[in-house]
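All remarks here apply to the structure that follows.
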């Protein structure tokens, strides 16, 4: 149908838009700029303890994702109640873009300001994705979920890579434009916010709110019912063992993935001696390989099944972490990055589509809000663990090795997930049953 195709294109455009933040701000430019320019040499004092940029970066990622962990499921439930997925996606998407633009004002010594802006933009990024992801089961049939989810990540990798290329060109040729290296980096960071908000407008204007049934409550009632429904959702999910096992597995292995992504550039420059040009080129290559990997594993999922393809991807991540601990040369870092790139998109896309296949469409925003809780809970433990081990030992090698525990535990639980049973029992996850506390009084 033409209408559905235009909505799919609008939905895909948001992955293109927000990936500029994910790539340029969260992974490539800001971590290095923060460590090399914003934070003074020798670090800063935090609660009477001297900490360096790597430790600060780990802790701020934990804190900001903890904030999302506490709010995402309630936001999702409210979106379902009010029929406000598109509105809330627009609010958080625009807020994230505007916050990111403010990074252009951050320079040497602006440690607290930079961390606050980054943390708030990350909260906006993840909150917006709750509503963005919740559109997926409304735009694709069960047999199309893997492919559409993978297409979204693939489009995102292209968009994020294109913005990073433009940013790197600006940073490499800054003198030609009469800019200092610092000014070029600031413009690169701020432009990611403009890219996010600008291309995001295609999504904000092009998506249609999925139909909903029943009356539309007021905001305060929606908040109360959202909180109550979140508790009810927790109870329902706890009763459906395959879904519960998957979410526990997801929080563990995705914790490992998110930690590696966020700490990769600092690890490569600090422990392996990768220079800035090679690091930026490697991170760009990862994005291109992630696009290929997402599409490749989508095909593999079609042949093997989503769960089996996901198990392979997680196992390869475990291999990558062990390899990272042994790395000694920049060339080895590049080869390892290629492996990580191939499985990066696979884990994200297949996890999203597997969960979408387990849930009822009518409660998608609420359940994807719940999914986002586990998604962002992952970012709390992993980066905190990395930063703590780094602070205690003085080396990032043992810190990266500690992440292997998360992949092992996640893989064990994932192997126990019964995908067929989860699909058969997904009606048990609906929020309109007679036992729901917000339905009994209606």
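Miscellaneous remarks
- Within region 63-78, being surrounded by 20 or more Cβ atoms within 10 Å (Cβ to Cβ) and either outside any helix (DSSP H, G or I) or modelled with pLDDT of 80 or more (or both) holds for one residue alone: 64.
- Tally of residues being at pLDDT 80 or above, in a helix (DSSP H, G or I), surrounded by fewer than 18 Cβ atoms within 10 Å (Cβ to Cβ) and in contact with a helix residue (DSSP H, G or I) (Cβ under 7 Å, 6 or more places away or on another chain) across region 398-442: 7
- Test: residue in region 42-51 that is surrounded by fewer than 24 Cβ atoms within 10 Å (Cβ to Cβ) and part of a helix (DSSP H, G or I): no
- Only one of 148, 82, 99 that is in contact with a helix residue (DSSP H, G or I) (Cβ under 9 Å, 6 or more places away or on another chain), over 24 Å from residue 298 (Cβ atoms), at pLDDT 85 or above and buried (at least 18 other Cβ atoms within 10 Å of the Cβ): 99
- Pairs are defined by a Cβ separation below 6 Å, a sequence spacing of at least 6 or placement on different chains, a first member in region 185-204 that is without any contact (Cβ under 8 Å) to a residue 12 or more places away in the chain and at positive phi, and a second member that is in a helix (DSSP H, G or I) and surrounded by fewer than 24 Cβ atoms within 10 Å (Cβ to Cβ); no pair meets this definition.
- Across region 58-79, the number of residues qualifying as in contact with a helix residue (DSSP H, G or I) (Cβ under 6 Å, 6 or more places away or on another chain) and farther than 22 Å from residue 430 by Cα comes to 10.
- Residue count for region 28-41, restricted to those that are part of a loop (DSSP other than H, G, I, E, B) and in contact (Cβ under 8 Å) with a residue 12 or more places away in the chain: 2.
- Boolean, residue 318 is closer than 24 Å to residue 15 by Cβ and either assigned to a helix (DSSP H, G or I) or over 19 Å from the mean Cα position of the chain (by Cα) (or both): no
- The single condition among (1) more than 19 Å from the chain's Cα centre (by Cα); (2) more than 24 Å from residue 37 (Cα to Cα); (3) modelled with pLDDT of 95 or more that residue 94 does not satisfy is (1).
- Restricting region 151-181 to residues that are surrounded by 17 or more Cβ atoms within 10 Å (Cβ to Cβ) and over 16 Å from residue 284 (Cα atoms), the residue that is farthest from the chain's Cα centre (by Cα): 174
- Residue 81 being within 14 Å of residue 200 (Cα to Cα) and in a helix (DSSP H, G or I): no
- Residue check, residue 384 assigned to a helix (DSSP H, G or I) and either modelled with pLDDT under 80 or closer than 30 Å to residue 243 by Cβ (or both): yes
- Inspection of region 13-21 finds no residue satisfying the criterion of being surrounded by fewer than 19 Cβ atoms within 10 Å (Cβ to Cβ) and under 27 Å from residue 161 (Cα atoms).
The values are calculated or read from the model by the stated rules, or taken from the named source; none is laboratory data. For clarity, every value in this text was computed on a predicted model and none was experimentally measured. All Cβ positions, even for glycine, are placed from backbone atoms using ideal geometry, and neighbour counts span all protein chains on display.
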